[in-house]
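**Q** Before I ask anything, here is the structure I am working with.
Throughout, read-outs are computed from the coordinates displayed, never taken from laboratory work. Note that the coordinates shown come from a computational prediction; the quantities given were computed from them, not determined experimentally. Positions of Cβ are backbone-derived with ideal geometry, glycine not excepted, and every protein chain shown enters the neighbour counts.
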Amino acid sequence: MRLQAGDYLQLTAELTAYAIALTRDRDMADDLVQDIAVKIFEGRPLPQAETDRKRYAFRMLRNQHLDNLRKKKIRAEYLAEQERYSVEYNDIGSNSEERLIVRDAFGRLSPEHREVLFLVDVMGFKYAEAAGMIGVAVGTIMSRVSRARAEMARQLQA
């Protein structure tokens with residue numbers, strides 16, 4: 001079922017108010033509502049009853065907000081870990097040549113392996129999330145990550 005313009009405006013106003021309550025930030029709330037609007041207009045089937053449609057949209061917004069918080073937390077943890085490694089790495093007298101070797105090895109991976117290694121190891125997405133982004137099975141992601149890590153190790157040992 002498609003939303004009529006008036007229904008959409010009313011729903012957007014209510015979703016925005018809810019998003020502001022969740023995020024406490026108007027810009028983040030607007031982004032969250034925009035994400036939900038895109039999902040709704042991408043053709044996701046909506047319930048027929050107005051109350052069910054509203055409940056469904058609010059649940060989508062809440063789930064998106066929780067996903068955003070989790071991703072933000074994972075990225076922050078990853079950056080903190082990278083900073084710790086960087087400090088330790090610099091403390092033992094490493095140089096930029098070693099960093100270039102790692103970047104070069106990453107660049108020589110196949111596009112599929114670079115993509116999954118970046119999504120999972122660099123960005124911190126879970127296998128299921130990466131699978132959804134790329135449009136492949138979770139098992140495919142797991143095997144690609146495994147092969148990519150093995151190839152990186154092989155290249156770095158050579």
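**Q** Among the lysines, select those whose C-alpha is under 16 Å from the C-alpha of K54, and discard any that sit fewer than 8 residues away in the same chain.
**A** K39
**Q** Using the beta-carbon distance between M28 and D104 and R0 = 30 Å, what value does 1/(1 + (r/R0)^6) give for FRET efficiency, to the nearest 0.05?
**A** Working: r = 38 Å, r/R0 = 1.26.
Calculated value: 0.20.
**Q** Please get the size of the charge dipole for the chain, origin at its Cα centre, with Cβ charges of +1 on Lys and Arg and -1 on Asp and Glu, quoted in debye to the nearest 20. Show your work: numbers first, answer last.
**A** Values: 25 positive and 24 negative charges, 102 e Å.
In total the dipole reaches around 480 debye.
**Q** For helix 138-157, what angle does its Cα long axis make with the longest principal axis of the chain, in degrees from 0 to 90 and rounded to 10?
**A** Helix 138-157 and the main axis of the chain meet at about 30 degrees.
**Q** A follow-up question, please. Counting only trypsin sites (Lys or Arg not before Pro) that sit in a DSSP loop (anything but H, G, I, E, B) with at most 11 other Cβ atoms within 10 Å, what is the longest stretch of the chain containing none of them?
**A** Working: sites that count: R2, R24.
In the chain, the maximal stretch lacking such sites is 25-158.
**Q** Give me the compactness ratio for region 95-158, meaning the Cα radius of gyration over 2.2 N^0.38 Å. It would help to have the intermediate numbers written out before the result.
**A** Details: Rg = 12.2 Å, N = 64, 2.2 N^0.38 = 10.7 Å.
Normalised by 2.2 N^0.38 Å, the Cα Rg of region 95-158 equals 1.14.
**Q** Rg (Å, one decimal) plus Dmax (Å, integer) for the alpha carbons of the chain?
**A** Here Rg and the maximum Cα pair distance are 21.2, 65 Å.
**Q** May I pose another question? If you take the charge dipole of the chain about its Cα centre, with +1 on Lys and Arg Cβ and -1 on Asp and Glu Cβ, which of L11, P47, Q157 is farthest toward its positive end?
**A** Going by the charge dipole, the pick is P47.
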